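Heads up: the structure comes next, in structure tokens.
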Amino acid sequence: MGIEYQDKWITCTAEGVDVRGYYFPWGTKHITYPEVRGVERIEMSALRGRGRIWGTANPGYWASFDPGRPGKSVAFVFDLGKRVRPFITPADPGSFEAAVSAHTGPFTGSPAGSTGPVI
């Protein structure tokens, strides 16, 4: 199982994406590529993810633990066909997107001028 992308919180392999710190207190979420219906790349702002280190104020999304999120500007939202969509912030968005899109197809992005969800 070769690693295609890895940072402190996220690992991508040929099988899927592992997100450390997703569940309390430090549980890992395993996302297999076949369950991914879509991935959206979004630009964050203070109320739209950047200020949220873990959890959510919006019951439709869940931000994985990332104490470095306030210093980041890009996030990814996974559509897994479930009520709650994982919201993650890799350290290197370009490399992460390349690793995942090789298995899932191209990502969608927020339309120009729009922002992501309130998290």
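Bear in mind that the values in this text are calculations on the coordinates, not laboratory data. Note that the coordinates shown come from a computational prediction; the quantities given were computed from them, not determined experimentally. Here Cβ is always computed from backbone atoms with ideal geometry, including for glycine, and neighbour counts include all displayed protein chains.
Could you calculate the contour length gain from residue 91 to residue 45, that is, 0.36 nm times the residue separation minus the distance between their Cα atoms, to one decimal place in nm?
Contour length minus the Cα-Cα distance gives 14.9 nm.
So which chymotrypsin sites (Phe, Trp or Tyr not before Pro) in the stretch 12-96 end up in coil per DSSP with only 14 or fewer other C-beta atoms within 10 Å?
Answer in residue order: 26, 54.
Report the net charge of residues surrounding residue 68, where surrounding means a beta-carbon distance below 10 angstrom and charges are Lys +1, Arg +1, Asp -1, Glu -1.
Residues close to residue 68 contribute a combined charge of +1.
Percent relative contact order of the chain, based on C-alpha pairs within less than 8 angstrom and at least six residues apart?
So the answer I get is 28 percent.
I need two numbers for the stretch 22-119: Rg to one decimal and Dmax as a whole number, Cα atoms only, in Å.
When restricted to Cα atoms, the stretch 22-119 yields Rg and Dmax of 12.5, 36 Å.
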